[in-house]
1. For the chain, give the share of DSSP beta bridges that are antiparallel, in percent and rounded to the nearest 5; count only bridges with both residues there.
2. Find, among the chymotrypsin sites (Phe, Trp or Tyr not before Pro) in the range 136-201, those assigned to loop by DSSP (not H, G, I, E, B) with at most 13 other beta-carbon atoms within 10 angstrom.
3. For A335 and V45, what does the FRET efficiency come to when R0 = 35 Å and r is the distance between their Cβ atoms, rounded to the nearest 0.05?
4. Which longest uninterrupted range of the chain lacks any trypsin sites (Lys or Arg not before Pro) assigned by DSSP to a loop state (not H, G, I, E or B) and surrounded by at most 11 other Cβ atoms within 10 Å?
5. Say the dipole of the chain comes from +1 at the beta carbon of Lys and Arg and -1 at that of Asp and Glu; which of S290, Q321, T251 then lies farthest toward its positive end?
6. Any chance you could list the semi-axes, whole Å, largest first, of the equivalent ellipsoid that the Cα gyration tensor gives for the range 34-172, using √(5λ)?
7. In this model, which of K182/K259; K99/K160; K98/K233; K160/K274; K122/K312; K59/K160 are farther than 32 Å apart at the alpha-carbon?
8. Quote the charge dipole size of the range 194-338 about the Cα centre in Debye, to the nearest 20; the model charges only the Cβ of Lys and Arg (+1) and of Asp and Glu (-1).
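FYI, it's all coordinate maths here, none of it is from the lab. Owing to the predicted nature of the structure, the values given are computational and were not obtained by experimental measurement. Cβ: placed from backbone, ideal geometry, glycine included. Neighbour counts: every protein chain shown.
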Amino acid sequence: MKRWQKILIGVIVGLLIVSVALFFGVNMYIDSMFNRMEQTETIKVEEANVAESVQEQTKDRNVVNIAIFGTDHDADEGDSVSERADATKIISLDMDNKKIVITSLQRDTLVYLPGDVQDFDKFNHSYWYGGPELSLQTINMNFDMDITRYVSFSFESLEKIVDLVGGVDIYLTQAEINQDYKPIGVSGPEGVYHLNGEQALLYSRIRNIDNDYERMQRQNNVITAIIQAVKGKSVFDLIDLANNALPYVETNLTNGEIKDYLTSLITFDLSDIKQYQIPENGSSDVSIRSYKGFSPLYLLNSYSEQAIQLHKNIYLNDNYQPSEQLLEVESNIYAKFN
């Protein structure tokens, strides 16, 4: 072998060694960063009350659903310790079409709670009684979903995350600017304002000028604004952001799943995020009920129709057939409250 060939082989081997070392070094650093989150055990499909017919109808659709829980203590209900899922979103990653869908669940929706509860209640109490696992079971049973993954953070941490991305741009109506229950701290005509973390938190919690459906939309507006603020940042900025934000997060996503999803998101269209809600048409889809001293509880006009619409929005499935599990739950709810 000629001398130049030996040198070339040596250079190639050296580059390979350096590349492998860098790969493992970066991988270890990313893992150490993700380990700053509170990570819980994975939840199996059977543990999450996912109906077999739901699994069958979604198996060929390359969609990942992740429940996002924004937890908060509601002082109005007299509890000083336990947290409720004050906001619940389903983030759906359509891996084939490179799209994101955000679905908001109305916290006061009347549902059946499985597990140790085995009773009817408002949806956000599922987190209060059984944490994220019971909330996932409740979503899957009452709306025919297949969610086993979740991310949870307190609303107080939302304030810190917004500050970490440098604030967010939000369109404020005149009513939102003028409301005096907990003022956002801006003045002027309606329009786009740059809000810091405290202001964004106050904005997302406004409830005295309209209704809870509009409140859900404000929460979505903050999430979308955070995504837009993150989109233009460099890799180093994103690493610094994650390093500071992750201690406020609890999840059962593995490090490998997070890395896979983040890699996939690079190719997604983040300018076209579809947003939906349950109930789909707001107050026209519900009637008001009371139970166990709690009111209002929103009885849906049709739980199965909501599930059909969910699968159309998330899976682009126009021919979804509700599961026997959901039909039984729906029948029991109406037998009790109609």
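1. 70 percent
2. Listed in order of number, the matching sites are Y181.
3. 0.80
4. By the stated rule (loop sites, at most 11 other Cβ atoms within 10 Å), 60-291.
5. About the Cα centre, the residue reaching furthest to the positive side is T251.
6. 24, 22, 14
7. Over 32 Å apart, Cα to Cα: K182/K259; K59/K160.
8. 420 debye
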